[in-house]
Structure formats: structure tokens, C-alpha cells
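The next block holds one structure in the form of C-alpha cells; read it before the comments.
The values are calculated or read from the model by the stated rules, or taken from the named source; none is laboratory data. None of the values given here were measured: they were computed from a predicted structure. Glycine gets a Cβ as well: all are built from the backbone with ideal geometry, and neighbour counts include every protein chain shown. With ligands, DNA and RNA removed, areas are computed over all heavy atoms of the protein, side chains included. Shrake-Rupley method; radii C 1.70, N 1.55, O 1.52, S 1.80 Å.
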Amino acid sequence: MLKAFVALAALVASASAHYTFPSLVVNGQTTPAWVNVRKTNNFNTQAPVTDVTSPDFRCYDSQTQATAETITVQAGGPLGIMSDGTIYHPGVVNVYMAKAPGDVDNWAGDGAVWFKVYQITAETNGGQSITFPAEGVPGVSFTLPKNLPSGQYLVRMEAIALHVAQSYGGAQFYISCGQVNVENGGSGTPGPLVSIPGVYTGYEPGILININYPIPKNYTQPGPPVWSG
């Protein structure tokens, strides 16, 4: 009986440590869950993606076949992405965008169309310590590049949990894709452009890593550099 209780408690704790990203923050207001963000397969379980080659690595919506309402934002203005709790695990964040050729509603984001607009990396101290500024925060907020061209985009949140990343497939990816219409844009050329999946192999030193022992002397953020416009 005691063993069963302990197992149940561990399961509950594990589930509560997971999270989704169902909302955007636009004009200082957090949008309702799954209105401007495509509902992910894990909207109930909160389970992560661990296979970086899976089609679900893009927007994690193969089961829901979700679309969302597109919300208007301003180039050069703020945009936020909120979780349903906090980013519980130690790890890092990448935010990617991809411009649809027209209406984003039914666009899948195929091909080398994704570019990084924001990241939160780890902080190291020559092997003495490693800390994760994204750990414990409820969401992220950043400024869209002023030269981002006008149009409709997918905005992909990617929180990479690294607490059990010492073996291949151990890193946990918490993902969602929002839909935005960018107004008052510029004439920039976002890049480098990457495909998702395809951007990672899973063997990158920032994905396949033991953050506990020995403490890493440095950390290399996965993915391309941030395009700031």
C-alpha cells in the first residue's frame, strides 16, 4: 500500500512539473488559452517532445490538427508567450518565427522558413556553477525586430528542459506555435533560415549535456543566432 502511494505521489509530482504554452501576451494582455496558440497534443498530459526528428517537433499538433485565431502585433513592439504555470525545469529557451506565404491559418511551416528571434541561454562560471535564468519564470517577453516584414507568422516557443539530458533523447522540449499578423513592418531579411524539424540532430552540446556533474565550463545555445533585424 505504501509503495503504491509513493508511486502515485511520484507520478503526480512528475506531471505537475510539466507545462504547456497556451497563451500569448499582446498589448499587455494575456490571451485565453489555445485561442491564438494552436492546441498542442499535450494540452492535457503536458508531456514533452523528446524526438527532434519527429514531425511533432515543429508545433506538436499532429493529434489536434489545430488552428488558431491570428492576433495583430506591431513590428518593433513587445510580444510575450505564457505557460500554464512556470518553466519548472532547468533549461533554456528559443523562440522561432516563420512567415506564411499568405494566410497562416492552414499553413504548416514546411521547409527552411524558420528564424530565431529570441533566446534565453544558460550562465556558466568556468565549471564552478551553471544557472538557468529561464527556470521558474511563467513565460517570456521580447521585442519583435523593427525591420520584421509585415505579414502573417507562426511564432514557435521552445523551452528545452535539461535536467535529464545526459543521454540521447533525454532533453525535453516544451513547444507551441502561436499565430500573429505583423503590422507596420520593415524591409529586413530574416535569417539564417532553418527547417523544423531539421534544425537539431539531438547531439548538439547544448542538448546532449550533463548539467549536474561535472558542472559544464561553458554552454552552447542550440540553433542559429538570433535575428535582431
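The residues of region 203-225 that are more than 17 Å from the chain's Cα centre (by Cα) and touching a residue at least 60 places away in the same chain (Cβ under 8 Å), listed by number, are I211, P214, I215, P216, K217, N218, Y219.
Entry remark, region 77-91: residues being closer than 22 Å to N27 by Cβ and open to solvent by 40 Å² or more (accessible area, probe 1.4 Å) number 3 in total. Hey, among S228, S141, which residue is open to solvent by 50 Å² or more (accessible area, probe 1.4 Å), over 22 Å from A108 (Cβ atoms), assigned to a loop (DSSP other than H, G, I, E, B) and among the hydroxyl-bearing types (S, T, Y)? When all the criteria are applied, what remains is S228. So is T121 within 23 Å of G76 (Cα to Cα) and open to solvent by 70 Å² or more (accessible area, probe 1.4 Å) or not? No, not satisfied.
One residue is enough: does region 148-155 have a residue meeting the conditions assigned to a loop (DSSP other than H, G, I, E, B), touching a Ser or Thr at 6+ places or on another chain (Cβ under 9 Å), surrounded by 14 or more Cβ atoms within 10 Å (Cβ to Cβ) and not acidic (D, E)?
The answer is yes, given that some residue of region 148-155 is assigned to a loop (DSSP other than H, G, I, E, B), touching a Ser or Thr at 6+ places or on another chain (Cβ under 9 Å), surrounded by 14 or more Cβ atoms within 10 Å (Cβ to Cβ) and not acidic (D, E).
Just need a number here: residues in region 28-72 that are among the aromatic types (F, W, Y) and part of a helix (DSSP H, G or I). Full working, then the answer.
In the first step, residues of region 28-72 are kept if they are among the aromatic types (F, W, Y); the result is 34, 43, 57, 60.
Now restrict to residues that are part of a helix (DSSP H, G or I): 57.
The qualifying residues number 1.
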